[in-house]
Each structure stands twice: as C-alpha cells, then as structure tokens.
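So the structure is just underneath, and the comments pick up after that.
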Amino acid sequence: MHEPQTNYEIRLHYKLSVQLKQEKFEHDTFQLPNVANNMMDMDQDPRKRLCFADGRRKVDYVLVYHYRKRSSVRGSPSQHRLSIISNGSYPLGVEEKDQEGGKDEPAEVVVDVGPPDPADGEKIMIREEFEGNLKDAGLEIEHDKENKAHGHAFIRLHAPWQVLSREAEFLKIKVPTKKSYELREEKGLAATMNEAWRKLNQPFQPKVPHQEQEHSRTKFLSHCFSRDKLHLQSSQSLFPGILRCPLFCLTGITTLIANGVYDSAFPLHDGDFHPSGQAEGKNDRQLLHDEWARYGAFYKYQPVDLIRKYFGEKIGLYFAWLGVYTQLLIPASVVGIIVFFYGWATVETNIPSQEMCDEDQNFTMCPLCDRACDYWHLSTACGTARASHLFDNPATVFFAIFMSLWAAMFLEHWKRRQISLNYSWDLTGMEEEEEHPRPKYETILLQKRQRKKKNKKNKNEVVTLNVFLPSQTGHEKLTWRDRLPGYLINISSILFMFGMTCSAVFSVIIYRITISALMAMSPDPEVKSNVRVTVTATAVIINLVVILILDEIYGMVAAWLTELEIPKTETNFEERLILKAFLLKFMNAYAPIFYVAFFKGRFAGRPGDYVYVFNDYRMEECAPGGCLIELCIQLSIIMLGKQLIQNNIFEIGIPKLKKLCRTLKDKERAPKEIVEQPGRRQQWHLDYDLEPFDGLTPEYMEMIIQFGFVSLFVASFPLAPLFALLNNVIEIRLDAKKFVTELRRPDAIRAKDIGIWYNILSGLGKFSVIINAFVISFTSDFIPRLVYQYMYSETGTMHGFINHTLSYFNVSNFKPGTVPSISSLGKDITFCRYKDYREPPWSTEPYQFSKQYWSVLAARLGFVILFQNLVITMSMLVAWVIPDVPKNISEQLKKEKTLLVDVFLNEEKEKLQLIQSLFSRDLTQEQQEELKVSDQTSLSSSQTAQYNHRDRFTWICSVCLKDC
C-alpha cells in the first residue's frame, strides 16, 4: 500500500505545481477574459459600446433575429421575463437596473397569447435549442429585452478564456514562446544598401504603433498553443483574430440564417472609425481608416499585418496580393510608356505611313460597299495609318516578350511574398482542417437515405432494426449518379451561355454592317467621311453595355449551377463557383476582342466574290491601316469602361442603394409609435446597419479580368499596364474604405494562400504567350514587313511595301448590281486595288493566292512557334532562378526547429529532476541504506540496479504525464 500512495502523492504534487504555473500565467497575461481576447479598449467606455451589461466581458459575436409579440402590458417587476441570460449570472426574480442611470426600470410583462404564425413558434424552438448548445459549448450569452411590439433582437456572445484556450489547442494555433534569438546582422555593402532603402521608404510607411517591434532583430520562437505548456509561452502572446469570433461553436449558423431563424450573424467592429486623439490611443479600426482607407494615403504601403490582425488571414492575403500586383505594374507601365513614345517619335520616319499618306502614289481602292460606296484614294486613310504605327512598331514585339516574362516574375515574386507572410504570421506547417459538410449536402444525403429506407420497406415489407444503423449509413456519400442531373444541366447551361455571348457579339457585328451601309448611302459628305469612326465607337460602347449586363447575369447563373452540383464542403463550393464564374465572365469580356483580333476581315472575301450576311450585307473588313488599331480601340474602351463603371461606380453606388432599401424596409416593418433613441444605439446596432460581407470572389474577379487585359493583348495596347496601375491605386483605397466603414466586420478565416486564383493567374500567364504570338503574327503587319524587307525588297528597305501588299482587281469583273452607281473619280477606272496577296487579273490564275501569301503565312507560323518556345523557356528560367522560399526564411526555419528541440528537451529534463527529487524524499531509511549497499557492489550488479531504477522512473513519468 505504500508504493501506490507514494505514486499518488507524486502525481498530485506535480499537477499542483503545473496548476500553480498555469494560474500565475493566466494572472500575468490574461487578467480578465476580455484581455485574453485582445478586445478591451481602455480609452472607450466598455459599458456603452462593446461589452456585456456588466461592462467587463467583451462581445465577440452577435446574432440577430426578428421577433413579434401579440400584446404587452405594464406589470409588476416580479413577473417580467428574464432578459439577460449569462450562464447563471442573472437569476430569475432579480430586478434589473438601468446601466447608465442606475435607476430601477419599470418592468414589462409580456403576455404571449401564442405566436402569430406556427412557423414563428418553430423558429423560437430552434433558437432556444441552438443557444442551449452554445452554452453547453462554454459560450456566454446575453439577450436583448423585447420591449417593442416587434423588431430586431440582438444576442451577444462572449468566448471566455477556457473556450479560447481549448479551441486554440484544437486548431493548433501558434503563439510566441519565452525563448528568443537574435537574427543575423547583415554587414558590408548589403547592410548599407538595406539601410539606405529603409530610409527612402520611411515616408511611405504607415504610422502604425509597435511597427518597429515587428522589424526588430529579436525573434521569439513560436509553437502550437498548449494548456500544459503555458509556462513556456510568452506573457505577451495573444490569440489571433481567428478566435475573435467563435465560429468553431457556430456550425450550422448559415443554414439557420437561410431558413429565417436568424437574420444575420457577425463579429463587432472595434468601435467608431472616426479618429480621436493620438495614434497610441486609437483602436485598430481607426488606425486602418487613417493609414489605409483614406484617399490621402494612396502613396503609402498597406499595413498588411494590421489588416490581417483585424480581418483575418484570408482578407490579409488578398490585400497583400493586390499590393504586390500593383507594385509590379509600375515597371510594366514605365516600359509601356517608353514603347508608346517610341512609336510617336518614329511616326514621321515610318516609310509605310509616308507611302499611305503620299497623294502622288494615287492608289485607287475598291469600294467599301456595294452600289452606294464610291472608289476612294488610299491617302484619305493617312490618319489611321499614322495612329496604327503608335501601337504597331518593332518595339511592340519587345514589349510582348517583356510582359510575358513580367507575368512569370510576378507569380514567382508573389510566391516568395506569400511564404514570407506565412512565416511572419505563424502559418507555416498549418494543416488542412477537415471541413464540415454543407447543409444542403447533408439534406440531400438524408433524403437519399430516406428513399433507400422507404424502398427497402416496400420491397421486404418488414425491416429489421439493424438495417440502417448509424455505423452502416455514416459512410454513405453522394455518388456521380446523384450528381449526374446537375452535371448535365451545368454543361448544357454553360454551352448556352457561351452561345448567348457569341450571339451578342454577332448582333453587334450586324449592327456595324447595317449602320455602315446606311451611313454610306447618306448624301451628307461629312457623314460619309466619318462612317468608320462613328460605327467603331458606337459598337464598342454597345459591347461594353452588353458585357456589364451579362456579367451580373452570369454571376447569378454560376452560383445557381454550382448549387446543382451539390459540393460537399464550402471550399469545394467556392472553387467550383470561381471556376464557372471566371469561364463565363472571361468569355463575356474577351469575345468581342477575340473577334476583332483574329476573325474580322479574315472571311470577308475579295472584290467580285464577297461574303454576304442575309444575302444583302457584306462582311466587314479591317481598316486600311490594319485591324490592330481597331483592336487597340476595342481593348482600351472595354478595359477603361469596366474599371470605371463596374469596378468603381458600381462598388460605391450599389452598396448605398442596398443600404437605403434595407433602411426603408425596416421603417415600413417597424411600428410607427415606437421611435428608437439614437443616443442609446450600441455598436451592434450600428454594425447591423452596415452592408453584409459577400466574400472576396467579386474583388478577385475584377483583378483577374484586369490581369487578362494587361497580359493577353498587351501587344496591341502598351498603355494597358499604366491604366491598370492608376485604377488599382484607387481600387485599393476604395476597397479599404468599403471594408472599414461600409461593411460589417467579416468572419476571420485562416488561409495559407490565395487558393484557386493562383492557378487561374498561372494559366492566364501561359495563355498570354500564345495570344501575343498570334496577335503579332496575324493581326499586326510586323511579319509582312520583315518578309518584304528581306525577301522582296530590291533595296533592302521598306520602300514599296504598300504597293507590295495591294492586289489588282479589274472593275469589269464586278457582279451586276455591285458597281458604284455614282463615281466622282470618273468612268476611266480600269483597275482598283485591295489589300491582299492575290494574283492579278492578267495572270494565268487570276485572283488566286500568290506566292507572297504563302511565304508570309509560313513566316507567321514560324514566328508563333519561335516566340512561344523562346518566351516559355525564358519564363521557366526565371522561375528556376528565383527560389520560392527566401534564403533568410529557410535559415530561420531550420534554426527555430533546432532551438525548439532544445527547449522541449530542457523541459523534459526539469520534469524528470522534479520527479526524482520527489521520489527520493519518499524513500525510507532502510531503502536508502540498501541503495548505499548496492552502490558498493560489482559493476554488473550496479548497472542492473540502475536500469531497474530507470525503468521505475519511466513508469512513474508516463503515469504523471498521462494524468497531467
């Protein structure tokens, strides 16, 4: 009996010592639960804004629902309904007092004749059960008094220290330990350059308190939080924002909101965002507003660490990615401006433009339409030719190669930045958590089980009790057969949407053809002279309007189609939704641009054999200067229009309209005789008036589509990076202002990367190489000029290039009814010219493709292959040269692993020494004498006793550690 008693005393003593250390740690670090949560702002009155009625416990999360009561009368205080449920803090029968005035408040007796609607009674039961589960999970709850006939009731939740520590341990959240080390100090030229760069960047840094501490040379080791190792963790360690909102206890809240049990659920903002006092006295929301969400701070870097602290890792990564993308647009914009000015500087010396503008050349061109159009001189298109040279010059090829390499460098730079953020935010080694199935998935799975059970009953008539045990049905899941109808609807709907987009593009083509023909028939010479400009501008504007309308439709269709697929988890749902929305919006935004770049003018035919639409209208042709200038106009107007209207005006106007509609709806639903006093509105009332957060998908989608404009057709519009840069400078502050002042505070979500968006960016980067190769080869005149200069030019120059690209047509070969009815150039015209490589009418094979055509086609295809292989090889070289993990971070990770092993080895050593000292005290005098005698025996017997002694210690240690 003596030995078990000794073991029990050892375990008890050890557990008491650990408990004392834990209590001391909690007292030093977390003097109040709200301090542990990093949620008490001492500069504000906690009783008025952010706390429970006791003024101590901070409100972590808010649930809102709408209630209705049949009747209510004033009565005795002893009969009123309990309005505050706080896990037993306020017992029944206790008279409530006004927190502000401290006076007794006449209680209100609520006479519930019964819910006016059976559905309301069911919702009340569901709410009571759900809130009971929250209290069972350890959360503390506070209710509003229902002192109106009907209105919104707010339920405040508070997660105490015990709940936070439990969930932090379960989620394996890393916190700093007491062990620290000094980072290696750079010396020499690198240190000097870094110091100079830091001083240059100092004016652009946001003024955030404690920012210098984050860049100090001292680094604390981080380890997963453990309640058994509180004595090892730093007294300054606080839980991150992921534990600010108790989502770990709110599983199913999305379903309850969808079913109308609750109206909304959200964490609170940290008070008002208007500045007050010095920077040290501001809360995080005020700091974000002053240093991030103001347009006056456009030149400053974003406080990414503060964004992550306030909104969580997922939103922090989005703004960090947007910042990296915007920064790297600066060199791309500079190079694009240089390319544009190169074209502007060389336009006067460009020989093909000079030949087109030379009236002495007297190139008589064939009519642009049947009967109504006259012959015309090529010199009248001088302005178009000069404008085309601004974007179609040798520097364009260099810029296309540069932008392809830029896309590769951007992705590699973001990977390094992402890993740096993961390291500084203690996300390295974060494991993927097993997600709870979506409510709709579980509902359909339950319906499947019920159908299976019903079919089994109908088949056997008698069902044994053990057929559908949970152990047998728990492994069921939805198969491809269950999802087959959804997949078929998805495929057919996406094809239908693609067809709708192509129909919209074709409708605009018909508009261009018909308006061109009608304007050509006009007797007004000014109208005739401006046909091409008018038609192009109006058609692009129509395209822009159609794109904006279809974008909104496709967003809703993508969400509906994703629901039909019945994804199991929210991550699967989000990825499938993003992929569908991207495909539909990509097709919608780029279909008109693809048409101009690769199809316009390719199937128009030739004089005497044109292709007609509806047997009346000729297919449109490219401008005399080529289709590249039209592609530039199309791209610039659509890009700028989407950025100005959709990305900025819609983002500002639509949320304000939604807020106005919601306010008017609440006023109509609220009783007229009750007027709420504005002075008593709490923070949860103010936050409820804000717009709910709908996710980051729209924000990412805007930037991804813009990235496509910047990278895919950049060869035709070198100024695209510049306009994207200007838009993003405004977009960052606009999004920041929206998140800080206009949206409810989003739920903090842990994330290590930007997810499927990186794969989309990588795919666009590779696709841009192919697109730019074809744009340079087939849309611009770069390849025909090279072929002419090195194969057909007698002097090795570009003189005679325009004449080389124009073919002859005998006007007597026009079909009846297509000859110009009235010609101002006279009736002595025998031949007219048109842009193509075809045999002349006096050839043995008139109007067939000439040898020059096949030479140019072979050169174009060869350039596509050469360009693709060259750029892809260089991109792979860039990705290989730039390591994904920065060298300093890889070294620090290795060093921290070694130091952590030493810390835990020392801890285990201290535990064994404590147990050994306790065990030696319990030995009797006889046992100590026996040990002394055994020490004087032979070496072999001494070793045997020592091993037995160690075995005993090992057994005791295992028991103690298991109990603790």
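Miscellaneous remarks
- Ratio Rg/Rh [Cα only; Rh per Kirkwood] for the stretch 472-511: 1.43
- Gain on full stretching of the segment that runs from Asn759 to Thr255 - 0.36 nm per residue minus C-alpha separation: 178.4 nm
- Spin-label zone in the stretch 297-324 - amide nitrogen under 17 Å from a point set 7 Å from the Cα of Ile730 along the C-beta vector: 297-299
- In the stretch 789-864, Cα pairs under 8 Å separated by at least six residues give a relative contact order of 26 percent.
- Neighbours of Leu579, meaning other residues whose beta-carbon lies under 14 angstrom from its beta-carbon, give a summed charge of 0 when Lys and Arg score +1 and Asp and Glu score -1.
- Computed E for Asn133/Leu183 - FRET, C-beta separation, R0 45 angstrom, nearest 0.05: 0.45
- With a cut-off of 12 Å between beta carbons, the residues surrounding Thr562 carry a summed charge of 0, where Lys and Arg count +1 and Asp and Glu -1.
- Note on the stretch 789-864: with charges restricted to the Cβ of Lys and Arg (+1) and Asp and Glu (-1), its dipole about the Cα centre is near 200 debye.
- Burial ranking of peptide ranges 609-620, 813-824 (average Cβ count within 10 Å, highest at the top): 609-620, 813-824
- Working note: Cα atoms of the stretch 789-864, range along each principal axis, descending, whole Å: 44, 25, 24.
- Rounded to the nearest whole Hz, the Karplus-based 3J(HN,Hα) values (6.51 cos²θ - 1.76 cosθ + 1.60, θ = phi - 60°) of the stretch 222-230 follow the sequence 10, 8, 4, 5, 8, 5, 7, 10, 5, with x at glycine and proline.
- Peptides 351-364, 884-897 ranked from most to least packed by the mean count of surrounding Cβ atoms within 10 Å: 351-364, 884-897.
- Solvent exposure ordering (accessible area, 1.4 Å, most first) of Tyr808, Tyr847: Tyr808, Tyr847
- Charge tally in the Cβ shell below 14 Å around Ile419, where Lys, Arg are +1 and Asp, Glu are -1, Ile419 excluded: -1
- Scoring 180-193, 694-707 by mean Cβ neighbours within 10 Å over their residues and listing the highest first yields 694-707, 180-193.
- Extending 7 Å from Cα along the Cβ direction at Asp689 and again at Asp228 yields two label points whose distance is 5.2 nm.
- Extension gain, Phe496 to Asn362, is 43.3 nm, computed as 0.36 nm per intervening residue step minus the present C-alpha separation.
- Net lengthening on full extension, Lys452/Glu891 (0.36 nm per residue, minus Cα-Cα): 152.3 nm
- Each label was represented as a point 7 Å from its Cα along the Cα-to-Cβ direction; for Ser420 and Glu908 these points are 3.7 nm apart.
The values are calculated or read from the model by the stated rules, or taken from the named source; none is laboratory data. Everything quoted here is computed from the prediction, not taken from an experiment. FYI the Cβ positions are ideal-geometry reconstructions off the backbone, even for glycines, and counts take in every protein chain you see. In case anyone asks, the SASA skips ligands and DNA or RNA and just uses the protein heavy atoms, side chains included. Shrake-Rupley method; radii C 1.70, N 1.55, O 1.52, S 1.80 Å.
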